[in-house]
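Down below is the structure, laid out as structure tokens.
Read the figures in this text as sums done on the coordinates, not as results from a lab. Since this is a predicted model, take the numbers as computed values, not measurements. Virtual Cβ from ideal backbone geometry, glycine too; neighbours counted across all protein chains shown.
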There are 2 protein chains.
Amino acid sequence: MAKLNVTVVGSGNWGMAIATIIAGNTSRHDEFEDNLTVWMFEEEVQHKGVKRKLSEVFNETKENVKYLPGITLPEHVKAEPDLKKAVMYADVLIWVLPHQFVARTVQNMGKIKDTCVSVSLIKGGLELEGGKLGLCSDLLRKLLGHEVGVLMGANVANEVAAGEFCEATLGIKDKKHQATLVKLFDCRTFRVTAVDDIPGVELCGALKNVVALGAGFCDGLEYGGNTKAALIRIGLQEMKTFIRYFYPEVKDSTFLESCGVADLITTCFGGRNRKCAEAFVKAKGTKSWDMIEKELLGGQKLQGTLTAQEIWPVMQKHNLCDKLPMLTTIYQIAFEDRAPWAIVKLPSGMPTSAFHEDDGFFEKK
Amino acid sequence: MAKLNVTVVGSGNWGMAIATIIAGNTSRHDEFEDNLTVWMFEEEVQHKGVKRKLSEVFNETKENVKYLPGITLPEHVKAEPDLKKAVMYADVLIWVLPHQFVARTVQNMGKIKDTCVSVSLIKGGLELEGGKLGLCSDLLRKLLGHEVGVLMGANVANEVAAGEFCEATLGIKDKKHQATLVKLFDCRTFRVTAVDDIPGVELCGALKNVVALGAGFCDGLEYGGNTKAALIRIGLQEMKTFIRYFYPEVKDSTFLESCGVADLITTCFGGRNRKCAEAFVKAKGTKSWDMIEKELLGGQKLQGTLTAQEIWPVMQKHNLCDKLPMLTTIYQIAFEDRAPWAIVKLPSGMPTSAFHEDDGFFEKK
């Protein structure tokens, strides 16, 4: 059997970090061609006082000096700035681009193999069509016409690249592809669990950023650890209620994987959404989200407020606000001048658990 | 219908805190007699320079000056130092004593109503009979001969008493009692969800302290947020594997309630088990658990190391060590001089998720 060629489409911080993991596996497992191709969008960089092309510097030094400085990748990782060349022989494409570049990149990539499969590592982008909640992996599947899985989890790029232990969840339907793709990602420091639930895996990644705003409000009000744990738990439950409304087939167990509870915990204790939401409360109405973003994030964008604004009309259109009191309250605190302490005044008499099979919510709707 | 009399058996820190919650509900709901009795073990205390009885001071001031100083309970909470008098008219007994005093207290309490029901808030005590894992609520049920539920959750007593928002999980079988008991505990700042899964609720409370040792090792080694989130997630999964081995009927959903994920999060980020385990790693083998306990806890006992030692022979006897690599590693680091970084070198090829219904583990055993 021919060995599988793998290409990472994207060479930002997370793309380079996952390339370090994948490169270890392509050389370790017989299924894969050793060489790993990374499509690197060409940029000029200053390197040792000289203006040079990023991909050339990478191919000489095996370091992405702009997006993952300090980490040397294995010799068999090759940067390819020509998109068509990067993908034409690929059997597996790993998508790790900003959401907004996906469509254009697919249009420009030319012919790919008919047997190709893809995995999307693109986080946080929601596809909203006609007020329905959609997935970035659906968009990719539509554009590419082949199978698309997703990989999400509690993964900060620099920690993954440095070989710190963490986990991720692979969502993919086809069982044979599942086994191969687990081999492509899983290693001793990056533990991958496969599930067949793509919407569950992908949507947890987007919604957790909104819950993290709630955790940040809680920190800004200096509430104790029990209150914060309660809010994280209620947030996880509302994530499930929301996702299940659009994808009733999503399983309870997905929320207990790395993509669910672990990613949520990391985001609610570290992460920029939590941090900015804390600052928002401490500023007592004197600072806008834009100002806080500028002060604290040094050019990076805040995902949670964006997602909160994207899902708000969807929640209203589908009459979900009553079912999602915490997500509703987070939106109102963030954008409608509601008092931040409303976060702990959720209406009583709510169905307090979305995890009971017998709560009747999904039957009633 | 006669109003229900409620007695809290125990007047320590958590007993007094839950009495503040219950007292609000006995006066708010018609089902209950307003007056709430607290059985207060008689002690002498210094109060305003005079040696006095704790229960007398409480009944004058409505403050338990020794165990919950600074909080004034409502007028209708009465301390009763005579155990027999405290329980003889009770329709509901709330057990909140140290585990080791349960049997003796039941023996000394005399006649109680035939229709009485109990709720145990006793955390952390495992009943090990012949190498099998048992429950403190089983012991109570055997001794009392009536229905016994449990209430557990992410609840630090002082935060609950101060009215900070948190949640708890009530485990009880009988549906009619369930509705009444939710009313007894649930209020705006203390949100109670009822489930019918007693072993799940009770055992989470004990095992989380062992997982918290792992979180403390992780902190002592200064690993990042993703690693810690991964360990918490794996710990939750192993709690489930362990509990399910002895109680196969326990539900996935229980682990997503306050007693499961929320209590685990609080314990792994705050809490004394985490703190002492961090100190243990940082001492690099120079300090015993006893020394650390003495230095950091000021007389309080460390629960996680005790539980780890209790469950270790049970794990060995039932050949569970292979199925529980993290709990095994935590024990070995704590008591067998294994290197603390073994916590992130869990064997690969493990069934990485105990939450998949199709992993075949329970069929195989």
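Taking beta carbons within 10 Å but only from partner chains, what does the mean come to for residues B:157-164?
Averaged over the peptide's residues, the number is 2.
How many angstrom lie between the C-alpha centres of the range B:208-272 and the range A:274-344?
One Cα centre to the other: 29 Å.
What are the aspartates and glutamates whose alpha-carbon lies under 13 Å from the alpha-carbon of residue B:62, with same-chain residues fewer than 8 places away excluded?
B:75, B:80
Looking at the range A:225-295, which trypsin sites (Lys or Arg not before Pro) are DSSP coil and have at most 14 other C-beta atoms within 10 Å of their C-beta?
Sparse-neighbourhood loop trypsin sites (Lys or Arg not before Pro): A:284.
What trypsin sites (Lys or Arg not before Pro) in the range A:96-181 are in a loop by DSSP, with at most 13 other Cβ atoms within 10 Å of the Cβ?
A:111, A:173
Where both residues lie in the protein assembly as shown, what percent of DSSP beta bridges are antiparallel, nearest 5?
30
Kindly express, to the nearest 10 degrees and within the range 0 to 90, the angle between helix B:325-335's C-alpha long axis and the longest C-alpha principal axis of chain B.
Helix B:325-335 sits at roughly 80 degrees to that axis.
Which entries in B:183/B:240; B:84/B:183; A:85/A:113; B:3/B:113 show an alpha-carbon gap greater than 19 Å? Numbers along the way, then the final one.
Values: B:183/B:240 29 Å; B:84/B:183 26 Å; A:85/A:113 12 Å; B:3/B:113 14 Å.
Among B:183/B:240; B:84/B:183; A:85/A:113; B:3/B:113, the Cα-Cα distance tops 19 Å for B:183/B:240; B:84/B:183.
Tell me, what ³J(HN,Hα) does each residue in the range B:245-262 have, in order and in whole Hz, if you take phi through Karplus 6.51 cos²θ - 1.76 cosθ + 1.60 with θ = phi - 60° and put x for Gly and Pro?
Karplus-based 3J(HN,Hα) across the range B:245-262 equals 4, 8, 10, x, 7, 4, 8, 3, 5, 4, 6, 9, 8, 4, 4, x, 4, 5 Hz.
Please work out the C-alpha center-to-center distance from the range B:108-164 to the range B:14-76 and express it in whole Å.
Between the Cα centre of the range B:108-164 and that of the range B:14-76, the gap is 20 Å.
Quick check for me: using +1 on Lys/Arg Cβ and -1 on Asp/Glu Cβ, what's the dipole size of the range A:200-359 about its Cα centre, in debye to the nearest 20?
Numbers: 18 positive and 19 negative charges, 94 e Å.
For this selection, approximately 460 debye.
Tell me what the protein assembly as shown gives for mean residue ellipticity at 222 nm when only DSSP H runs of n ≥ 4 count, each as -39,500 (n - 2.57), the sum divided by the residue total, rounded to 500 deg cm²/dmol.
Helix-only estimate at 222 nm: -13500 deg cm²/dmol.
Give me the angle, in degrees from 0 to 90, between the Cα long axis of helix B:303-317 and the longest principal axis of the Cα atoms of chain B, rounded to the nearest 10.
It is inclined by approximately 60 degrees.
For the range B:4-196, what D do you get in µm² per second when you plug the Kirkwood radius from alpha-carbon pairs into Stokes-Einstein at 37 °C and 0.692 mPa s?
195
Find, among the trypsin sites (Lys or Arg not before Pro) in the range B:1-62, those assigned to loop by DSSP (not H, G, I, E, B) with at most 11 other beta-carbon atoms within 10 angstrom.
Taking the range B:1-62 and a limit of 11 other Cβ atoms within 10 Å, the loop trypsin sites (Lys or Arg not before Pro) found are B:48.
Which three lengths, in whole Å and largest first, does chain B cover when its Cα atoms are put on their principal axes?
60, 50, 38
Based on the Kirkwood radius over alpha-carbon pairs, what value in µm²/s does the Stokes-Einstein equation return for the translational diffusion coefficient of the protein assembly as shown at 10 °C and 1.306 mPa s?
Translational D for this selection: 58 µm²/s.
Of A:208/A:301; B:173/B:317; A:208/B:251; B:51/B:301; A:228/B:228, which ones are farther than 22 Å apart at the Cα?
B:173/B:317; A:208/B:251; B:51/B:301
Can you tell me which aspartates and glutamates have their Cα less than 12 Å from the Cα of residue B:132? Leave out same-chain residues fewer than eight positions away.
Leaving aside aspartates and glutamates fewer than 8 places away in the same chain, those within reach of residue B:132 are B:310.
Could you tell me which of rounded, prolate or oblate describes the range A:132-259, using a ≥ b ≥ c as the square roots of the eigenvalues of the alpha-carbon gyration tensor, with rounded for a/c under 1.5 and, failing that, prolate when a/b is larger than b/c and oblate otherwise? Mind dumping the intermediate values first?
Working: a/c = 2.21, a/b = 1.38, b/c = 1.60.
Because a/c hits 1.5 or more and a/b fails to exceed b/c, the range A:132-259 counts as oblate.
If the cut-off is 16 Å between C-alpha atoms, which aspartates and glutamates fall inside it for residue B:294, apart from same-chain ones fewer than 8 positions away?
B:278
At q = 0.24, 0.26 Å⁻¹, what base-10 log of I(q)/I(0) does the Debye formula yield for the range A:101-186 when every alpha carbon is treated as an equal point scatterer in vacuo?
Per q value, in the given order, log10 I(q)/I(0) is -1.27, -1.32.
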